Amino acid sequence: MKSFRLGVIVGVIGSAVVAAGTALGYRQTVIKPQEKAEETYNQVSKAAIRRSVAAHQSRY
């Protein structure tokens, strides 16, 4: 019975470690690149809006 309990504890801890590793890997490969692309898009968009406003601003 002692080895069964130890096996269950090791299995639960191992599963938790694997789940945490998978979550971190997913964050690094999927979420961070999307956030970086979105940030770059927002910066470019703001610059384009500023240029557009400056180009079409009335001088009178």
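The values are calculated or read from the model by the stated rules, or taken from the named source; none is laboratory data. Everything quoted here is computed from the prediction, not taken from an experiment. Reconstructed Cβ throughout: ideal geometry from the backbone, glycine too, with neighbour counts over all protein chains shown.
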Handout entry: Filter result for the condition that a residue is free of Cβ contacts under 8 Å to residues at least 60 places away in the same chain and not in a helix (DSSP H, G or I), over GLN28, GLN57, GLN34, GLN43
Key = GLN57
Practice task
Taking ALA47 as the residue in question, decide whether it is modelled with pLDDT of 95 or more, small (Gly, Ala, Ser) and under 26 Å from the mean Cα position of the chain (by Cα).
Solution key: no
